[in-house]
Structures are given as structure tokens and as C-alpha cells.
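The values are calculated or read from the model by the stated rules, or taken from the named source; none is laboratory data. Bear in mind the structure is a predicted one, so any value in this text is a computation, not a measurement. When we count neighbours, we look across all protein chains shown, and the Cβ atoms used for this are built from the backbone with ideal geometry, even at glycine.
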């Protein structure tokens, strides 16, 4: 896992414009937002799905960068004063604090464009038509029926009562869509049939939901120092979470159930899916 | 031209998610930002380039929507308080005034994703590999070496002295890159060779620059009511413009020179390029 994380770090480093190129301050801020932090869960999922699909690592670099750039842009915009108004991310001041709000806005905008550029810069699929479909998949996962839409529902939910199905829909959009896209894009860099792609997609749905359940548990239990971002924020903002709806014990159980479902979806892949299985375990048992 | 404008309006209407679909307020705000306003210069350029390239109108709908959605997202973000802080756009309150800042941020983010989705949703080029290249072209034109980068340079320039070459570079990035992409994407929906594409690209460079020169003249001379946005803003913000650097008379001359160059680039296309020629004229002689 550490090998892939280093590989992804190097790929992101190459993908991001140099801070020597104009506009320098913007490029410096983009590098600040993306490099040297983060668990790289989405790139790890893309690489693990790629391993299950027999994909070339050079292709997976591009897919991994694309999903991580989308994730990084969403964090920069979510932290802005008009959204979550947060000052700490990955143990560092957030982009609008370290630079300024206008720069943070443009950093997010620029990172989103760069994600699509990364996914279109080289041949990634055996058939070019499949690559067009990959670009479309990333767009849908990032847009208002995916991540951006989930964020809008999340904002509207502050201080509002929410049922478990409503909470689930929000997370499926806000976090789940990009996690699914990470697995799909990694897998499509390789050579799988529709049935195998569908099983990996089911794996991704379970892992995406588990990720959020564990996030809620950690937010409720961990300290700011361990998380590298402001802890206890959900309760302070009176936001519905899996913990507020289910309690910590049931939320932990749910995460374990989702982990088991994720492993079941991998049954037919044998040793090729070892890394995907390990990631499901990591996502559920992580403590940060 | 009015026919194409209606056609584009209908295509945008279909492309944007319905305000009946969750998140409703976000989708309503996206429709507010895009529909029922704007000259649709970029879609008109895409359609006119497509006519010169023998492209099917169904393909051009997608290309036209993509470039207009990018343009619309940039207006929403540029108007936000941390950027230009403007309250009026296309004769209506800006999105963050009519809705709120968080919604405006997500509207822009969602519109950018939707642009790439529109460009990837159907077959647009004879070869799928050419369509991947089209998606990449739009990403580069929108990103920090294009539109978003130009905006960063523009922000940094407020109250700063700027030479004519610096001003030109800023506009080539901020406005020119997307205008070039509009022509390129429209042309690539059809069937042209590399030489013809290069000539259309030269046309697009001239028109892009002319567009900005005329914008500066109009901002200096027109009233807010005619423009549908706040007039005289550049001078009030002490921003360098073609008018502040060259004076109105020389700026008008420059626009005419660029118009002539644009027409020269179309010489070999004959009657197929009539609409491109008309658009160059329209862009230079417009009064709003």
C-alpha cells in the first residue's frame, strides 16, 4: 500500500502544473492543496481495481490522479467560509486560510478541470470509446447527481431531522459516487467483462458506505490531533450522522456488515482481488 | 442566428437537470444561471465552425452546451463576493444574491462537471479517439493554463500596472482559450483536415481577442442598462484594459484589424464559412 501511495504521490506531482509557471500563486496553491497529505483512498481503490482487471500501472496513474484531483477540489471548496468554514485540513491550514478565498475558489475550479485533462491525456482503455465513457463516468460522479449534489443535500440538512434512507442517499451521492468511480475507472483501464465490472461496482458501493459510517464514528470519537481535521464538527453543527441515528455500537456493526458484503462481491476474483479485500478491511478498521 | 440561439436554448434546457430532481434548489439555481440570457456567442461560434466542417447539428448541440456551461459556471464564480463581488448579471441578480453563496459555489462546480458530461454523453466525432481529444481540449481551455488561470492573473492585476503583452496574455487565457475551444470543438464534430482546423483556430484567436477589446470599449462607454451588467467597473477597480492602455479610438481600430485578420483566415472555406464571417462582424460591431 505504501508503494502505491508513493507512486500516486509522484504521479500527482507530475500531473500538477509547476509553481514556476504562471499563474504561480494559483499553481502553488493547487500543489499545496493536493500534495503531501491525505490517505489517497480513492487512488488506492483505483489501483486495486486495476490489479483485479490486469491494467497497466501507467494507465492507473492517470485514473488515480483524476479521482484524487476531484476529491482534493471538493475539500478545498467544502472548507471555504460560505460552506463548512473550516481552518484545518490534513493537519495544515486550509487553502483559503493559507492563501485567500479567491485563490481557493480558483484552486478548486482548476483542479476539477485538471482531473478531466488527466483522464484525457493518454490512451487509457483498449477501445477509445470506452475512454469517452470513463470521462463521462467521472463527470456524472462529480456533478449534481453525485458529489456536488450530495454536498448540497448535506448543507441543507444542517439542523434538520433526517431519516436513515435520506442520510444514506446523501452519502451515496456525496462520498459514494466518487468511490464507485474510483473502482470503475481503475477496472476499466484493464480487461474485464460487464459481469465482473458489475461485481466490482457492488464492492465499491459497500466500501463507499462503510467509509462514511466509519468517518462518522471517528468524527464522534477521535480527537482533532488524530484526525488532522476538526473533530466533533458534526455534533456541533447538529448534523445527522450514522452515529446520531444509530448510536456508535450499531454504526460499528453496520460497517462490519458492509465489509463482509464487500468481500463477498470479490469471491470470484481470487488472488487478483487481494488488494481490494485488504482495502475494505483498512477502510473499516482505520483510526484516522 | 436567432434560429441557432433558440436551438441552443432548447439543448441547454434538455441538458440541465430538472428542478424537480433533488437537490432541487441547486438544480433550480443552475437553470437560473444558464437559461434565458446571454448572447450565446460561444455556442454560435461552435455551430458556425460546425457548418464550415459539415457537422451534424445533433453533435453541435452537445459541443455548444459544453462550452456555454463552462462559460456560465465561470460567470457564477467570478461574480461571487470573494472574486468580483457583483450583484447584476444579464439584467438579473447574480446567483449568490438570488440564492446564496454556498449554492453559487456548487452551481459553478456542478455546471463544470455537466459540461464534460455533455461532451461525453454521445458520439461526437467520427473517431472516438478524436472525442477523447475534444474532452481534453475543453479541460485545458477551462483550467489554469486557460480560463481559470486568466481569471487568477486578472484578480492579481487589480491596481497593478500591466503592459500590453501582459494584458494580451491574460485575455488569451481568460476569454480567448474558451472561444478557441468553441471553434475547435464545433469544427471537430465535422470532417476537416489538420490544415483547415489550424486556419479556423487562427480565426478563433483573432475573434477571441477582438471580443475582449470590444468588451473593454463597451465597458468604458455603455451604460449598465444596455450591458445588463455593471458598467464602468474596470475603471472603478483601476484594472488595466485595452481602453486604458490604448485609448478608445485605437482600441476600436485594433478590433477592426482583428476582424479583417479573422476574415482572411476564412478565405479558403468559401460559402461554408459565411456564418463564421458574420459572427466576426457581429462580435466587433455589437453594442452590448
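Listed values, structure above:
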quantity	calculated
Tally, over region B:98-131, of residues that are assigned to a helix (DSSP H, G or I) and within 23 Å of residue A:145 (Cβ to Cβ)	22
Hits in region A:185-199 (condition: surrounded by fewer than 24 Cβ atoms within 10 Å (Cβ to Cβ) and in a helix (DSSP H, G or I))	A:194, A:195, A:196, A:197, A:198, A:199
Among (1) surrounded by fewer than 16 Cβ atoms within 10 Å (Cβ to Cβ); (2) within 28 Å of residue B:192 (Cβ to Cβ); (3) touching a helix residue (DSSP H, G or I) at 6+ places or on another chain (Cβ under 8 Å), the one test that residue B:10 misses	(3)
Residue in region B:29-42 that is farthest from residue B:273 (Cα to Cα), counting only those that are within 14 Å of another protein chain (Cβ to nearest Cβ) and in contact with a helix residue (DSSP H, G or I) (Cβ under 6 Å, 6 or more places away or on another chain)	B:29
Among the candidates B:72, B:66, residue that is closer than 18 Å to residue B:187 by Cα and either modelled with pLDDT of 95 or more or away from chain A (no Cβ under 13 Å) (or both)	B:66
Residue list for region B:161-173, filter: closer than 23 Å to residue A:28 by Cβ, more than 11 Å from chain A (Cβ to nearest Cβ) and without any contact (Cβ under 8 Å) to a residue 40 or more places away in the chain	B:172
Selection count, region A:120-160, where residues are surrounded by 24 or more Cβ atoms within 10 Å (Cβ to Cβ), more than 7 Å from every other protein chain (Cβ to nearest Cβ) and over 17 Å from the mean Cα position of the chain (by Cα)	1
Matching entry among A:139, A:148, A:220, A:152 (being over 22 Å from residue A:66 (Cβ atoms), modelled with pLDDT of 95 or more and in contact with a helix residue (DSSP H, G or I) (Cβ under 6 Å, 6 or more places away or on another chain))	A:152
Index of the failed condition, residue A:72 passing every other in (1) over 14 Å from the mean Cα position of the chain (by Cα); (2) without any contact (Cβ under 8 Å) to a residue 60 or more places away in the chain; (3) buried (at least 24 other Cβ atoms within 10 Å of the Cβ)	(1)
Top-ranked residue of region B:97-108 - restricted to ones that are touching a residue at least 40 places away in the same chain (Cβ under 8 Å) and surrounded by fewer than 23 Cβ atoms within 10 Å (Cβ to Cβ), ranked as nearest to the other protein chains (Cβ to nearest Cβ)	B:99
Members of region A:75-96 found to be under 22 Å from residue A:23 (Cα atoms) and within 13 Å of chain B (Cβ to nearest Cβ), listed by number	A:75, A:76, A:77, A:80, A:95, A:96
Sole exception among (1) surrounded by fewer than 24 Cβ atoms within 10 Å (Cβ to Cβ); (2) more than 14 Å from chain B (Cβ to nearest Cβ); (3) under 26 Å from residue A:108 (Cβ atoms); (4) at pLDDT 95 or above for residue A:202, by number	(3)
Whichever residue in region A:109-119 is at the interface with chain B (Cβ under 7 Å from one of its Cβ atoms) and over 15 Å from residue B:174 (Cα atoms) and, among such residues, is surrounded by the fewest Cβ atoms within 10 Å (Cβ to Cβ)	A:117
Exclusive hit being within 14 Å of chain A (Cβ to nearest Cβ), in a helix (DSSP H, G or I) and either closer than 27 Å to residue A:101 by Cβ or touching a helix residue (DSSP H, G or I) at 6+ places or on another chain (Cβ under 9 Å) (or both), set B:26, B:45	B:26
